[in-house]
Amino acid sequence: MSYSLEGYLAMIADPFRTGAYARALQRVVGPESIVLDLGAGFGYFAILAACYGARHVYAVETSEAIALGPALARANGVADRVTFLQADSRDVELPERANILVEDVRGVLPFHRARFDLLVDARARHLTPDARFVAVRDRVWAAPARQSSASRSHRDLLRGRPHGVDLGALRPFVLDQACGARPDVSRLAAAGQCLGVLELETRSDPSFEGVGEWTISAGEVVDGFLLWFEAELCGGERFSAAPGPAQSVHGCLCVPLRESLAVVAGDRLGLRFWAVPVGSDYTWAWESWTQREAGARMHGPRQTPLPSICMDPYLLEFVSAAHRPRLGREGLRWQAAIGLADGLRSNREIAVALAASPQLGFSSESAAAGWLHQFVMTVEAEAVRKL
């Protein structure tokens, strides 16, 4: 999912994240620097690198936000040294290799869409062998946490029978749903532990598995875990999304437990967490365990939000290898429009023809024209658009 313009501005407004990146860029950029800004948004870091003296900067972004970049570059006097490309960087051929890479292709955790595929491709095709990475490594952290009163009320509701209706069947869909949060540090039931380190200059595996274990110092009721990342940039710059006054804009991921755990001083509490690429993005999985004194470990269930992503099992049929696809109404519309888009007919002529076909289900020519607008933008889109 792409950020909105407001989302990009919120990231730039974060003094911890943006300040760390700006200081790191200023340390490494010089008059011979060729910079690649990967996932550039509207090009803030690209323009900043040019202002710091880079010889040239290539800003690559898939979203339409990149269209705002050229005007910003002109306003800042660097238009001749920044090239803006609306594209997936895996489709781009740069005229030269970059010796500096800047990117923040993260979400609430440092696993966002095809980040590691993009980094592998950049190392192979876009960067010099000695290229400097502005973002050097990310550390994934976790801590057991108390849930908010609102979350506990949902848990209590699912246990009860409001007006006599048993809601128990909803528990996996509700209590396996991870969510972003900006919790107060008071929610932590123990100090954070590092689950693993992502070396961005060398990592190719997009999957992640990490384990943490805590010894509880006082009696607590633990409802889940909070996860966050700490970013290490070149020159020793850092920022963190840990709960607290210096939390970055990324926030935390809250993963709940199906049942609250009442733990006492001396108990051991553990978490195993997976980040798993699914399609063009990620999903999560986690399991917990407790151990009291010399007793056996008591394992909780493995949890994942996948059931809530696909609540209707019928939908899984469409991704089955044995499924035999057939055209529905939308497919028939595409089939008809592709046949009519011959470079000779105008949009109006195509819309009239589409509206005249009853099986396509358009209520009017204007309805067909509205649908056709999105069709044309898709089929005429270039893989790489230089702005």
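The values are calculated or read from the model by the stated rules, or taken from the named source; none is laboratory data. Computed from a prediction, not measured in an experiment: that's the story for all the values here. Using ideal geometry, Cβ is built from the backbone for each residue, glycine included, and neighbour counts are taken over all protein chains shown. All accessible areas refer to the heavy atoms of the entire protein, side chains included, with ligands and DNA or RNA removed. Shrake-Rupley method; radii C 1.70, N 1.55, O 1.52, S 1.80 Å.
Here are a few things to note about the model shown:
- Within the stretch 262-300, the set of residues being touching a Leu at 6+ places or on another chain (Cβ under 9 Å) and assigned to a loop (DSSP other than H, G, I, E, B) comprises Asp267, Gly300.
- Matching entry among Val197, Val249, Val221 (being in a loop (DSSP other than H, G, I, E, B) and either small (Gly, Ala, Ser) or open to solvent by 30 Å² or more (accessible area, probe 1.4 Å) (or both)): Val249
- Within the option set Val376, Val352, Val384, being touching a strand residue (DSSP E or B) at 6+ places or on another chain (Cβ under 9 Å) and of a type in the set (Val, Ile, Thr) holds for one residue only, Val384.
- The number of residues in the stretch 83-112 being part of a loop (DSSP other than H, G, I, E, B), in contact (Cβ under 8 Å) with a residue 60 or more places away in the chain and open to solvent by less than 50 Å² (accessible area, probe 1.4 Å) comes to 11.
- Filter result (exposed (fewer than 10 other Cβ atoms within 10 Å of the Cβ), within 37 Å of the chain's Cα centre (by Cα) and not in a helix (DSSP H, G or I)) within the stretch 318-361: Ser320, Ala321, Ala322, Arg324, Pro325, Arg326, Gly328
- Only one of Asp121, Asp117, Asp80 that is of a type outside the set (Gly, Ala, Ser), open to solvent by 10 Å² or more (accessible area, probe 1.4 Å), without any contact (Cβ under 8 Å) to a residue 24 or more places away in the chain and in a helix (DSSP H, G or I): Asp80
- Selection within the stretch 224-246 - charged (D, E, K, R) and either part of a loop (DSSP other than H, G, I, E, B) or open to solvent by 50 Å² or more (accessible area, probe 1.4 Å) (or both): Glu237, Arg238
Yes/no matrix, rows are residues, columns are (1) touching a residue at least 24 places away in the same chain (Cβ under 8 Å); (2) not charged (D, E, K, R):
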site	(1), (2)
Trp141	yes, yes
Gln147	yes, yes
Ala169	no, yes
Gly180	yes, yes
Val185	yes, yes
Pro206	yes, yes
Gly210	yes, yes
Asp223	yes, no
Trp228	yes, yes
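- Pick from the stretch 252-279, criterion more than 21 Å from the chain's Cα centre (by Cα) and open to solvent by less than 20 Å² (accessible area, probe 1.4 Å), ranking: farthest from Gly210 (Cα to Cα): Val263
- For the stretch 1-49, a residue qualifies if it is in contact (Cβ under 8 Å) with a residue 60 or more places away in the chain, among the aliphatic types (A, V, I, L, M) and open to solvent by 20 Å² or more (accessible area, probe 1.4 Å), and the qualifying residues are Met1, Leu5, Ala10, Ala13, Val28.
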